[in-house]
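Student: Here it is, the structure in full.
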Amino acid sequence: VDISNLIYSVKFHKKSFNLQVEERESVLKALYEGEEIDPNGAPESVQNILGRYSDIEDLFPESLREEALPYFVDWLVEKVQVVVITAFTANEAYTIFETMNDRGLSLAPTDMLKGYLVANIGSAEQKKTANHLWREKVFALKEFDDDGDAECIKAWLRGQYAQDIRSGGKDSTPGDFDRIGTGFHKWVRDNRELVGLDTPNDYREFVHDRFGLYADHYLTMLEASETFTEDLEYVYFNRRLSFTLQYPLMLAAIRPDDDTQTARTKMRLVAGFCDIFIARRAMNFKAMRYSSIRRGIFNLMIDIRRLEVPTLAERLKAEVDGMDHDFDGMERFYLNRFSKYYISRILARITYYIEKQSGIDTDYVRYVSRDVGPRYQIEHIWANQFERHEDEFEVQERFEDYRDRIGGLLLLPKEFNQAFGDLPYEEKLEHYFGQNMLARSLHPKCYERNPGFVRFVKESGLPFRPHEQFKREDLDERQHLYRLLAERIWSTERFEKKAYSNTPADEHQMTPAPPTD
């Protein structure tokens with residue numbers, strides 16, 4: 001069956017492809033004549049043509065090859081219709097593009113948004129440049145996560161543009177925050193005026209100066225969430241607790257004209273707020289479900305949008321000062337199904353803080369990672385042996401409740417717990433001395449020939465002391481000590497200029513401890 005006339009025509013003894021696009025001519029010619037072609041460095045459309053041609057070769061069924069092929073060709077030519085749809089404006093082209101892709105296997109919202117934005121950019125050269133930048137950023141975002149591009153765009157649009165959110169009532173309607181989450185490509189098209197899209201140049205700038213910029217900031221956040229970074233450590237801490245709302249909140253504060261250092265300072269301040277927010281709620285057994293906190297976080301997002309650094313710091317401190325719950329809850333904080341997830345991270349932070357202040361080589365990642373070194377887990381200082389504590393507790397239930405209080409917990413390698421966890425405290429104490437500083441501080445030797453730790457205890461005024469035995473009163477003392485440590489670690493001093501103006505900033509500024517009983 002001769003199908004050459006469907007591929008090219010001949011005029012004046014010269015072949016001309018029916019779909020004549022100059023940059024594709026060489027690849028079409030090579031495919032038609034069975035020649036090899038090197039895709040390296042070729043335009044994106046050429047690489048797509050080669051890729052899809054290869055797919056057809058690989059997937060074409062054996063039943064349609066050889067003798068059956070001419071019949072299949074006749075059927076394809078006679079029965080399959082190709083419809084040409086002509087659009088006279090870029091908006092019409094996008095409407096057709098979106099409508100067609102709502103049928104069958106839809107394009108992702110990221111591709112739909114790109115199609116809309118690029119279609120409304122002026123010249124072909126500008127479209128090409130915008131398309132290249134978009135693909136470059138999307139590729140980098142997908143390197144972190146398959147949905148990284150979509151999550152970035154949602155965080156950016158929510159942080160910078162969303163004006164309202166679903167109220168939560170029975171008959172409430174979705175707000176910008178919600179609609180961005182379910183279809184941001186449609187939301188942008190429907191809110192062109194809000195996001196500043198009017199002229200072709202607006203669309204170009206939206207891709208280059210907005211998407212490109214905020215995608216870079218988002219990539220910085222993702223890198224800090226995966227790799228512990230000294231000046232963005234709060235981002236890492238929050239990520240370990242799966243607090244994804246930190247990303248739109250951080251992006252909300254950043255202005256398009258902020259330099260890199262200013263943007264990082266804002267990231268640190270906002271992530272630092274999230275760190276305190278999580279800790280205080282966790283220590284008071286407050287719900288951390290997305291549905292429980294998203295409205296409050298959204299309202300703060302509106303308040304801090306594009307603020308200057310000093311104003312941002314003041315606003316975040318005021319938000320913390322206005323919280324309903326403080327560290328009083330730490331005096332009663334205990335291990336249960338809700339708190340277990342947080343307690344391991346809180347113990348890691350406390351341990352990391354003590355070692356850092358004592359000038360000891362430490363690594364927070366080691367205490368929370370499941371991939372590096374020994375796996376750490378929560379260790380009860382008291383073994384689950386009620387008979388050893390009958391002199392202090394009348395009933396076993398009361399003993400078990402007390403045993404789970406955070407003051408009676410440590411973070412130690414899993415192997416330690418398996419080997420020594422059931423021993424009496426007096427026998428475990430010698431083994432504690434060979435572990436991290438939080439465990440070691442129970443042993444009298446920790447206060448001898450240990451200048452860094454001794455200096456830290458003296459300068460901080462914190463009520464550290466050795467415990468040669470560990471009774472109910474000792475556990476109460478440690479519970480109070482942990483509370484005082486928490487107040488330091490999650491202090492609002494991080495919002496003071498002396499803290500956030502240093503790079504990397506140090507959350508561990510030495511300040512006198514409050515008076516202790």
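The values are calculated or read from the model by the stated rules, or taken from the named source; none is laboratory data. Every value quoted in this text rests on a predicted model; they were computed, and no experiment measured them. Every residue, glycine among them, receives a Cβ derived from its backbone with ideal geometry; neighbour counts consider all protein chains shown. For accessibility, only protein heavy atoms count, side chains too; no ligands or nucleic acids. Shrake-Rupley method; radii C 1.70, N 1.55, O 1.52, S 1.80 Å.
Student: Over the Cα atoms of the range 1-158, compute the convex hull volume and normalise it per residue, giving Å³.
Tutor: 191
Student: If you don't mind, there's one more thing I want to ask. I need the shape label for the range 82-156. Rule: rounded when a/c is under 1.5, else prolate if a/b > b/c, else oblate, with a, b, c from the alpha carbon gyration tensor. Let's see the in-between values first.
Tutor: On the way: a/c = 2.44, a/b = 1.43, b/c = 1.71.
Judged from the Cα gyration tensor, the range 82-156 comes out oblate (a/c at least 1.5, b/c at or above a/b).
Student: Taking only protein heavy atoms into account and a 1.4 Å probe, give the accessible area per residue of the range 96-252 in Å².
Tutor: Averaged over the residues of the range 96-252, the accessible area is 45 Å².
Student: Now, a different point. Semi-axes of the equivalent ellipsoid of the chain: what are they in whole Å, largest first, if each equals the square root of 5 times a C-alpha gyration tensor eigenvalue?
Tutor: Values: eigenvalues 726, 151, 90 Å².
Each semi-axis is the square root of five times an eigenvalue, giving 60, 28, 21 Å.
Student: Additional query: Fully extended, how many nm does the chain gain between HIS431 and THR262 (0.36 nm per residue separation, minus their Cα-Cα distance)?
Tutor: On the way: separation 169, 0.36 × 169 = 60.84 nm, distance 4.67 nm.
This chain segment gains 56.2 nm when fully extended.
Student: Can you give the charge dipole size of the range 275-323 about its Cα centre, rounded to the nearest 20 debye, using +1 on the beta carbon of Lys and Arg and -1 on the beta carbon of Asp and Glu?
Tutor: Using only the charged Cβ atoms, the result is roughly 320 debye.
Student: Of the peptides 54-66, 466-478, 232-244, how do they stack up when ordered by the mean number of other Cβ atoms within 10 Å, highest first? Could you put the intermediate results ahead of the total?
Tutor: Values: 54-66: 9.1, 466-478: 16.2, 232-244: 20.5.
The densest-packed peptide leads the list: 232-244, 466-478, 54-66.
Student: Using only the Cα atoms of the range 253-316, each taken as one equal point scatterer with no solvent, compute I(q) by the Debye sum, divide by I(0), and report log10 of the ratio at q = 0.25, 0.28 Å⁻¹.
Tutor: Ignoring solvent entirely, the Cα scatterers give -1.08, -1.21.
Student: Once every Cα of the range 321-467 carries one equal point scatterer and solvent is ignored, give the base-10 log of I(q)/I(0) from the Debye formula at q = 0.13, 0.18, 0.20, 0.21 Å⁻¹, two decimals.
Tutor: -0.65, -1.22, -1.42, -1.49
Student: When you take every Cα atom in the range 8-50, what is the radius of gyration, and what is Dmax, the widest Cα pair distance, in Å?
Tutor: 11.0, 34
Student: Just to compare against my own numbers: the Cα pair-distance distribution for the range 206-331, 10 Å bins, whole % per bin, please.
Tutor: 12, 45, 34, 8, 1, 0
Student: Further, regarding this structure: Taking the Cα centre of the range 315-403 as origin, work out the dipole magnitude from +1 charges on Lys and Arg Cβ and -1 charges on Asp and Glu Cβ, in debye rounded to 20. Walk me through the numbers on the way to the answer.
Tutor: Numbers: 14 positive and 19 negative charges, 139 e Å.
With only Lys, Arg, Asp and Glu charged at Cβ, the dipole is about 660 debye.
Student: May I ask for the distance between the Cα centers of the range 434-459 and the range 1-61, given as a whole number of Å?
Tutor: When both Cα centres are located, 74 Å separates them.
Student: Another one. Over 19 Å, how big is the tail of the calculated P(r) for the range 146-245, in percent of all Cα pairs?
Tutor: 52
Student: Under 15 Å from a point placed 7 Å out from the Cα of ALA108 along the Cα-to-Cβ direction: which residues of the range 142-184 have their backbone N that close?
Tutor: Residues 142-155, 183-184 qualify, since their backbone N sits under 15 Å from the label point.
Student: In angstroms, what radius of gyration and Dmax does the range 213-277 have, counting Cα atoms only?
Tutor: My reading of the Cα-based Rg and Dmax gives 10.4, 31 Å.
Student: Another question about this same structure. Can you find, among ILE378, ILE278, GLY51, the residue sitting farthest towards the positive end of the charge dipole of the chain, where Lys and Arg contribute +1 and Asp and Glu -1 at Cβ?
Tutor: ILE278
Student: Which pairs in the list LYS14/LYS128; LYS471/LYS498; LYS114/LYS340; LYS137/LYS414; LYS127/LYS154; LYS286/LYS445 are over 32 Å apart, alpha-carbon to alpha-carbon? List each step's numbers first, then the result.
Tutor: Working: LYS14/LYS128 30 Å; LYS471/LYS498 42 Å; LYS114/LYS340 43 Å; LYS137/LYS414 41 Å; LYS127/LYS154 23 Å; LYS286/LYS445 39 Å.
Check vs 32 Å cut-off fails for LYS471/LYS498; LYS114/LYS340; LYS137/LYS414; LYS286/LYS445.
Student: Can you give me the long-range amide H partners of TYR8? Hydrogens built in the peptide plane at 1.01 Å from N, cutoff under 5 Å, separation of 5 or more residues or another chain.
Tutor: Counting only residues 5 or more places away or on other chains, the set is ASN18.
Student: Okay, moving on. Where the centroid of each part is defined by its Cα atoms, how far is the range 306-355 from the range 392-427 in Å?
Tutor: For the range 306-355 versus the range 392-427, the Cα centre distance is 25 Å.
Student: Tell me the carbon and sulfur percent of the accessible area for the chain, rounded to whole percent, probe radius 1.4 Å.
Tutor: Carbon-and-sulfur percentage of accessible area, whole number: 49.
Student: With every protein chain kept in the model, how would you rank PHE464, PHE338 by accessible area, 1.4 Å probe, largest at the top? Write down the numbers at each step before the final one.
Tutor: Working: PHE464 20, PHE338 70 Å².
Largest to smallest exposure gives the sequence PHE338, PHE464.
Student: Hey, rough spin-label estimate for PHE60 and ASN18, points 7 angstrom out along Cα→Cβ, what's it come to in nanometres?
Tutor: Each label point lies 7 Å from its Cα, and together they span 1.7 nm.
Student: Over the Cα atoms of the range 286-339, how large are the radius of gyration and the largest Cα-Cα distance (Dmax), in Å?
Tutor: Expressed in Å, the Cα Rg and Dmax of the range 286-339 come to 14.4, 41.
Student: In debye, nearest 20, what is the charge dipole magnitude of the chain about its Cα centre with +1 on Lys and Arg Cβ and -1 on Asp and Glu Cβ, if you could check? Walk me through the numbers on the way to the answer.
Tutor: On the way: 70 positive and 90 negative charges, 231 e Å.
For the chain, the charge dipole is close to 1100 debye.
Student: From the residues PHE60, PHE97, VAL77, which one has its Cα farthest along the dipole of the range 54-103 in the positive direction, the dipole being from +1 and -1 charges on Cβ of Lys/Arg and Asp/Glu about the Cα centre?
Tutor: Toward the positive end, the furthest listed residue is PHE97.
Student: A further question on this structure: Using the charge dipole of the chain (Lys, Arg: +1 at Cβ; Asp, Glu: -1 at Cβ; taken about the Cα centre), state which of THR86, LEU249, ALA224 has its Cα farthest towards the positive end.
Tutor: LEU249
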